[in-house]
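Shown next, in structure tokens, is the structure this report addresses.
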Amino acid sequence: HFIYELLQNAEDPEATEVTFTLTDTKIEFEHNGKRLFSLEDVESITSIGTSTKAEDNTSIGKFGVGFKAVFAYTNSPEIYSGKFDFSIHDLVVPSQEGVVRTNMDANITLFVFPFDHPSKSPEKAVKEIEHSLLNLGDNSLLFLNHIKKIEYICPFGGFGSLERFDHGNGHIEIRTNHINGAEYFSRWLHFQKEVVVREEDGKDHLCTIAIAFKLKEISDKNSPAPKWKIVPLEHGQVSIFFPAEKETSNLKFHIHAPFASTVARDSVRDCEGNEQLRGHIAELLVEALKSIRD
């Protein structure tokens with residue numbers, strides 16, 4: 001959840017690349033988002049129950065508990081973006097005291113999270129975050145619109161990455177480089193569409209939904225180009241941009257929609273808007289099967 005919230009903070013300003021740098025005492029997270037922090041962003045990130053994204057149905061940040069998730073690991077996060085360099089204390093109090101910018105690209109946004117939470121030791125924080133980074137699945141990038149590459153550096157010097165390549169016609173490749181040196185890729189057939197959903201506020205919202213089938217290359221001596229076969233997944237996942245870890249679909253492919261979720265964003269709530277989204281996903285599946293047949 002902590003990792004996904006940071007990725008969300010990079011996806012919304014249209015970052016294409018992000019880097020996690022984990023040390024024994026802190027984790028740093030940087031991204032190349034097109035939009036740097038504004039005063040409105042400072043006010044939003046230091047407030048409770050206020051967000052610049054609440055009316056934007058394409059924004060991931062309108063779902064879940066938001067940036068406050070970082071306070072499970074730190075008491076004093078630091079943010080360096082544009083003309084704003086500050087830390088946050090007591091959840092909501094911004095301060096410039098003791099915050100000094102080092103040499104960094106002016107177009108980069110940097111978050112620094114010292115492991116100074118009284119109820120979680122640095123050793124435990126490192127262990128938990130390292131485990132999450134090493135277990136990032138390829139579908140972490142599957143339903144994002146902007147982030148194409150995630151890099152991470154672990155305390156002992158290990159380096160890993162996930163990178164997305166769009167080959168056209170809905171064919172997506174995710175290349176994973178693990179810190180143990182292993183390299184592998186997955187290939188997906190991706191379908192998406194925009195649908196209108198009436199939410200709890202009584203307003204109609206335009207939402208993007210998607211499904212993704214796993215592909216496997218098949219050999220064909222008579223074809224110079226690679227050929228692909230759809231294969232069933234053992235456990236298809238439900239994503240709200242990122243995988244909802246506790247949600248079960250019983251499908252053999254991945255689905256995504258901006259579902260209304262629990263606060264932790266790990267499962268989907270029962271509500272009319274979600275019922276509408278589920279119906280639209282069924283319609284998209286029918287359209288996808290026709291496209292595959294043709």
Let me spell it out: the conditions are (1) touching a residue at least 24 places away in the same chain (Cβ under 8 Å); (2) more than 23 Å from K34 (Cβ to Cβ); (3) open to solvent by less than 50 Å² (accessible area, probe 1.4 Å); (4) not in a strand (DSSP E or B), and P118 meets all of them except one. Which number is the exception? (3)
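Scan region 221-257 for residues that are of a type in the set (V, I, T), under 17 Å from G170 (Cα atoms) and open to solvent by 30 Å² or more (accessible area, probe 1.4 Å) and jot them down.
Answer for region 221-257, where residues must be of a type in the set (V, I, T), under 17 Å from G170 (Cα atoms) and open to solvent by 30 Å² or more (accessible area, probe 1.4 Å): I230, V231.
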Count of region 20-31 residues which are closer than 12 Å to T109 by Cβ and surrounded by 19 or more Cβ atoms within 10 Å (Cβ to Cβ): 3
With S239, S249 as the choices, which residue is of a type outside the set (A, V, I, L, M, F, W, C), closer than 26 Å to L7 by Cα and in a loop (DSSP other than H, G, I, E, B)? S249
Just a yes or no: is a residue in region 90-97 more than 30 Å from A182 (Cα to Cα), open to solvent by less than 40 Å² (accessible area, probe 1.4 Å) and part of a strand (DSSP E or B)? yes
Condition test on I153, is it among the aliphatic types (A, V, I, L, M), farther than 23 Å from A244 by Cβ, surrounded by 12 or more Cβ atoms within 10 Å (Cβ to Cβ) and under 19 Å from the mean Cα position of the chain (by Cα)? yes
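In region 41-85, which residue that is of a type in the set (K, R) and at pLDDT 70 or above is surrounded by the most Cβ atoms within 10 Å (Cβ to Cβ)?
Among those residues, the one meeting the criterion is K68.
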So how many residues does region 236-265 have that are farther than 20 Å from Q276 by Cβ, at pLDDT below 90 and in contact with a Gly (Cβ under 8 Å, 6 or more places away or on another chain)? 2
Between a residue in region 122-149 that is under 27 Å from I172 (Cβ atoms) and any residue that is open to solvent by less than 50 Å² (accessible area, probe 1.4 Å) and basic (K, R), which pairs come within a Cβ distance under 6 Å, given they are 6 or more apart or on different chains? L141/R164; K148/R164
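The values are calculated or read from the model by the stated rules, or taken from the named source; none is laboratory data. All of these numbers come straight from a predicted model, not from anything done at the bench. Neighbour counts run over all protein chains shown; Cβ positions are idealised from the backbone, glycine included. When the accessible area is computed, the model is the full protein with side chains, heavy atoms only, and any ligands, DNA or RNA have been set aside. Shrake-Rupley method; radii C 1.70, N 1.55, O 1.52, S 1.80 Å.
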